[in-house]
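Only one structure is covered here, and it is reproduced in the block below.
The values are calculated or read from the model by the stated rules, or taken from the named source; none is laboratory data. In this text, all values refer to a predicted model and were calculated from it rather than measured experimentally. So basically every Cβ, Gly included, is an ideal-geometry build from the backbone, and we count neighbours across all protein chains shown.
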Amino acid sequence: MMFKKNIKKFLIYSFLSFFISIFLIFLYLFFPNLLDSFDDRIKDSFFTYRGEIPTSSSVVIVDIDEISLKEFGQWPWSRNIVSKILENLNKANVAVIGMDIVFAEEDRSSPSLIAKKLNIDKELEDYDLNFANVISNSPVILGYSFDLLNQNLSLNAPSIKAIFIEKNKSDYRDFIIKAYGTTLNLPVIQNSGYSSGFFNIVPDESGVIRSVPLLISFDDILYPSLALEIVRVLNDTNRVFVNYDENGVSNIVLDDIVIPTDRFGRLLINYRGYEKSFKYISAKEIYNNSFNISDIEGKIVLFGTSATGLFDLRATPFESVFPGVEIHANIIDNILQGDFIHKASYLDGVNTILIISLSFIVTILITFSSFYIKPFVFLTFFLSYIFFSYKLFFDFGLSLNIVFPLLSIILASIFSIIFDYFHNIKNEKAIKSKFASKVSKSVMDDILKNIDKNEFSAKTKEITIFFSDIRGFTKISEQLNAKELIEFLNRYMEPMSNIIIKNQGTIDKFIGDSIMAYWNAPIDVKNHADMALKASLEQLNSLKELNKIFQKESLPTIDIGIGLNTGEVIVGEMGSRLRSDYTVIGDAINLGSRVESLCKYYGSKLNITNFTKELLKEQYIFRFLDYVRVKGKNQAVEIWQVLGAGEASDELKEELENHHKAIEFYKNSDFKTALNIFQDLENSTNKTDKNIYKIYIKRCEEFIKTPPKDFDGVYLHTTKT
C-alpha cells in the first residue's frame with residue numbers, strides 16, 4: 001500500500017514537472033528574448049568573478065588619447081600627421097595595421113584643398129594623396145562602417161580580396177545582418193589600402209557589447225569585419241567558408257581556423273579583462289618615434305581612440321566605459337588563441353533537455369524530502385547549475401541558457417512545496433478524522449510532523465494490545481432503559497478512554513461494553529508494555545472512584561476485567577475504497593482477547609501474558625496464574641495477574657511467595673505438597689484472590705486420584721470462557 005501511494009505521488013508530481021517544463025520550453029522557444037537581459041547579466045557577473053586573463057600579446061593599440069589630442073589638436077588631425085604615424089609603424093616592421101577610423105572627408109588642412117577653395121590655380125601638396133601613398137606602401141587594413149538603419153547613406157561597396165562561400169545555406173531565410181548603405185573612406189584612400197573591414201559594433205538591447213558581427217551582407221555579398229579581415233590577411237586565406245546548419249550560421253572557416261558563431265554570424269566575445277588589458281601606446285609617442293620598437297615589431301597594431309570626446313566608448317561586461325578599439329583587439333585575440341565562447345545551434349536542444357530534467361529531478365527530490373531538507377535541495381541545484389554553467393562557459397566555451405533552467409528549479413521547488421502544502425492539509429484532515437478520538441493531541445501532532453513517513457501504510461509491528469470488558473453487563477442493562485444505559489456507558493467510557501489516550505495509547509474501537517486499544521502504533525511508543533500496564537492500573541483505580549459516584553446516584557457499579565498481550569501484528573489502513581479504518585490484525589490480538597476473558601475464570605482484574613511481562617521495565621506486583629493452551633492455539637502461554645505497581649506489602653509478599661512455591665510443586669507433579677499449600681492459602685482470611693486457590697485445589701485433588709502422564713504443567717482451556 002505504501003508503495004502504491006508513493007507511485008501515485010510520483011506520477012502526480014511527474015505531471016507537475018511536465019507542465020512546468022512545457023510552460024518554460026514554450027517561453028524559451030517562442031519568446032527567446034523575454035529574459036535575455038537577466039541571462040546576460042548573470043554571464044556578465046561570470047566575467048567579473050573570473051577577472052582578467054592574459055592576452056596573447058600579439059595585439060597593440062596605438063591610441064589617439066588625450067595627450068595626443070593636446071599635442072596635435074582636436075580630431076580629425078591633418079593627414080600628414082597620420083601619415084607620419086603610419087610611416088613610423090611601417091618602419092618598426094609591424095605585421096599589420098588595422099584602422100578603427102574612417103577617413104570619409106577630405107583633409108581640410110591640405111594645401112591643395114585650401115588652394116582649391118581660394119580659387120588658386122597652383123599645384124600644391126595634397127595630404128590625402130600623400131596619405132594614400134603611405135597606406136599603399138604599408139600593411140594597412142582600412143576601416144569603414146555599414147548603414148544598418150537605412151539612413152540613405154552611400155551605396156558604394158568596398159572591394160574584397162577574398163571569396164566568401166556559404167555552405168548549406170537555407171533558401172528561405174537570411175541569418176546574417178543586412179546593411180542598407182556604407183560610409184567608406186575617400187576613394188583615393190579606400191583604393192590604396194590592401195584591404196578593408198567594417199568596424200560596426202552592435203550593442204544588445206541593454207546597450208552592452210557582448211557579441212559582434214563578423215560578417216554583414218550588403219547587396220547579397222558578404223563583407224568581413226575589421227578583426228576578421230586582419231586575421232584573414234595574416235593567415236593568407238583566399239577562400240572563407242561560412243557553414244550553416246538548420247538553425248543558421250554554425251561557423252566561419254579560414255583554412256585551419258574554425259570560428260564558432262551564433263546563428264547570425266556573431267562572435268561572443270571572451271573579454272580579457274578591464275580597459276587596457278592590451279598594450280596601449282600613445283599616438284604622440286609613435287609620431288615622435290619615442291616608443292620601444294620591440295613593443296610593436298611583428299605585431300598587429302590597431303589604430304583607434306580611447307579619448308572621451310571622440311565618442312568611441314562602449315559598455316562591456318567588465319565596465320560601462322570601454323574603448324571600441326579594444327573590443328576589436330579582444331576579437332582578434334579570441335581568434336588567435338581559439339578560446340571562443342559560442343552559442344552553438346545544438347544548445348537549444350541541450351537547454352530544452354536541461355529544463356525538462358531539472359524540473360523533473362527537483363520536483364521529485366523536493367517532494368520526497370523532509371521539510372528541513374527541501375531548502376538544501378533547492379540551493380544545491382540552484383548553485384550547482386550556476387557553477388556548472390560557469391565552468392562550461394569558460395572551460396569549454398559553451399554558453400548555455402542560465403535563466404530558464406534556473407527558473408525550472410525555482411518553479412519546480414515552489415510548486416512542489418505548494419502541492420505538498422495542500423497535500424499535507426488533506427492528509428492532516430484525514431488523520432484528524434481517523435485519530436481525533438483515538439489518540440492524544442501529542443500523538444496526533446507527532447503523526448502530523450511525520451506525515452511523509454507513511455505511518456498509515458500496512459506493516460508488521462510489535463504492539464501491546466489491550467482489551468477490557470464489563471462483568472455482568474447483561475444484568476446492568478436490565479436495570480436501565482436504553483437512554484439511561486447509553487448515558488451510563490458514556491460516563492464509564494469517557495474516563496477510561498482519556499486514561500488510554502493520556503498514556504499514548506490508540507483506541508481501536510468500542511465493542512458494546514468492551515474497549516480495544518493498543519500501544520506502539522501508529523507511532524513508536526517507548527516502553528509501550530509499561531505504558532499499557534500503567535494505563536490499565538490507572539483505569540482500575542479510576543473505576544473505584546467512579547463506582548462511589550454511581551453508588552451515591554443509586555446506579556449499578558461496574559466491575560471490569562483487563563487483558564494485555566504483546567506481539568507482532570499487521571497494523572495499517574484496511575478496508576475498501578469507500579470505507580476503511582486504521583486497525584490491527586493478527587494472532588497476538590486474539591490472544592489478548594482470550595487473556596482478558598480469563599479474568600472471570602481466575603477471579604482477577606488484570607491479566608497479562610509472559611510476552612508482555614518480559615518487556616516491562618518498571619516494578620510491579622505479579623501472581624503467576626497459569627500455564628495454559630487456549631482454544632485454537634497450540635503454543636502454551638503463561639498468564640500472570642498484576643496486583644499493582646511498586647513493592648508488595650509484607651503480608652502480600654508472603655502470600656505470593658507461598659503461592660509461587662505451591663506452583664513449583666504443582667509443575668513438578670508433587671500435587672500433594674502443592675495441595676497442602678493451596679489449602680492453607682485458601683483458608684487464609686486475608687487472601688487476595690477468591691478463585692485461584694480453589695482452581696488449583698481442585699486440579700491437585702483430581703491429579704492425585706488420576707495422575708496425568710507426561711505432565712508439563714500446561715492446562716488446556718477448551719472454551720473461550
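Tabulated results
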quantity: Single residue of the range 488-543 satisfying the filter (of a type in the set (Val, Ile, Thr) and either free of Cβ contacts under 8 Å to residues at least 24 places away in the same chain or more than 27 Å from residue 614 (Cβ to Cβ) (or both)) that is surrounded by the most Cβ atoms within 10 Å (Cβ to Cβ); calculated: 525
quantity: Number of the condition not met by residue 237 [criteria: (1) touching a strand residue (DSSP E or B) at 6+ places or on another chain (Cβ under 8 Å); (2) crowded, with 22+ Cβ neighbours inside 10 Å; (3) part of a loop (DSSP other than H, G, I, E, B)]; calculated: (2)
quantity: Positions within the range 64-76 being touching a strand residue (DSSP E or B) at 6+ places or on another chain (Cβ under 8 Å) and within 21 Å of residue 189 (Cα to Cα), in sequence order; calculated: 64, 75
quantity: Test for residue 325: is it part of a helix (DSSP H, G or I) and within 25 Å of residue 25 (Cβ to Cβ); calculated: no
quantity: Residue identified as within 59 Å of the chain's Cα centre (by Cα), more than 21 Å from residue 602 (Cβ to Cβ), hydrophobic (A, V, I, L, M, F, W, C) and outside any strand (DSSP E or B) among 546, 555; calculated: 546
quantity: Residue count for the range 346-364, restricted to those that are buried (at least 19 other Cβ atoms within 10 Å of the Cβ) and either out of contact with any Phe, Trp or Tyr (no Cβ under 9 Å at 6 or more places or on another chain) or over 19 Å from residue 24 (Cα atoms) (or both); calculated: 0
quantity: Residues being acidic (Asp, Glu) and within 20 Å of residue 566 (Cβ to Cβ) - total across the range 490-513; calculated: 1
quantity: Cβ-Cβ under 9 Å pairs, at least 6 apart or on other chains, the range 657-677 side over 20 Å from residue 705 (Cα atoms), far side aliphatic (A, V, I, L, M) and surrounded by 15 or more Cβ atoms within 10 Å (Cβ to Cβ); calculated: 658/677; 658/681; 659/677; 659/681; 659/692; 661/674; 661/677
quantity: Residue count for the range 248-269, restricted to those that are in contact with a helix residue (DSSP H, G or I) (Cβ under 7 Å, 6 or more places away or on another chain) and either surrounded by fewer than 19 Cβ atoms within 10 Å (Cβ to Cβ) or over 19 Å from residue 197 (Cβ atoms) (or both); calculated: 2
quantity: Condition broken by residue 131, with the remaining ones in (1) in a loop (DSSP other than H, G, I, E, B); (2) within 16 Å of residue 77 (Cβ to Cβ) satisfied; calculated: (1)
quantity: Any hit, the range 106-118, residues being more than 28 Å from residue 318 (Cα to Cα), among the hydrophobic types (A, V, I, L, M, F, W, C) and modelled with pLDDT of 90 or more; calculated: no
quantity: Matching entry among 204, 220 (being surrounded by fewer than 18 Cβ atoms within 10 Å (Cβ to Cβ) and touching a helix residue (DSSP H, G or I) at 6+ places or on another chain (Cβ under 9 Å)); calculated: 204
quantity: The lone exception for residue 623 - which of (1) free of Cβ contacts under 8 Å to residues at least 24 places away in the same chain; (2) part of a strand (DSSP E or B) it fails; calculated: (1)
quantity: Selection count where residues are touching a Gly at 6+ places or on another chain (Cβ under 8 Å) and in a helix (DSSP H, G or I), scope the range 49-70; calculated: 1
quantity: Where residue 444 falls short, out of the listed (1) crowded, with 17+ Cβ neighbours inside 10 Å; (2) at pLDDT 60 or above; (3) aliphatic (A, V, I, L, M); calculated: (2)
quantity: Whichever residue in the range 570-597 is within 44 Å of the chain's Cα centre (by Cα) and either modelled with pLDDT of 95 or more or outside any strand (DSSP E or B) (or both) and, among such residues, is nearest to residue 627 (Cα to Cα); calculated: 586
quantity: Pair list, Cβ under 7 Å, 6 or more apart: the range 606-618 residue at negative phi, other residue modelled with pLDDT of 95 or more and in a loop (DSSP other than H, G, I, E, B); calculated: 617/527
quantity: Selection within the range 275-321 - out of contact with any strand residue (DSSP E or B) (no Cβ under 8 Å at 6 or more places or on another chain), part of a loop (DSSP other than H, G, I, E, B) and over 30 Å from residue 242 (Cα atoms); calculated: 276, 277, 288, 289, 290, 292, 297, 311, 318, 319, 320
quantity: Filtered residue count, the range 51-65, keeping only those that are more than 18 Å from residue 86 (Cβ to Cβ) and either of a type in the set (Gly, Ala, Ser) or crowded, with 16+ Cβ neighbours inside 10 Å (or both); calculated: 5
quantity: Residue 709 vs. criteria surrounded by fewer than 14 Cβ atoms within 10 Å (Cβ to Cβ) and in a helix (DSSP H, G or I); calculated: no
quantity: Pairs where the first residue, in the range 359-384, is outside the structural domain of residue 11 (by TED's automatic domain parsing) and of a type in the set (Lys, Arg) and the second is surrounded by 14 or more Cβ atoms within 10 Å (Cβ to Cβ) and in a helix (DSSP H, G or I), C-beta under 8 Å, 6+ apart; calculated: none
quantity: Subset of the range 638-689 [within 14 Å of residue 623 (Cα to Cα), among the hydrophobic types (A, V, I, L, M, F, W, C) and surrounded by 15 or more Cβ atoms within 10 Å (Cβ to Cβ)]; calculated: 639, 640, 642, 643, 648, 652, 656, 662, 663, 678, 681
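A quick yes/no check of all residues on (1) assigned to a loop (DSSP other than H, G, I, E, B); (2) assigned by TED's automatic domain parsing to the domain that holds residue 281:
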residue	(1), (2)
85	no, yes
90	no, yes
106	yes, yes
109	yes, yes
145	no, yes
171	yes, no
192	yes, yes
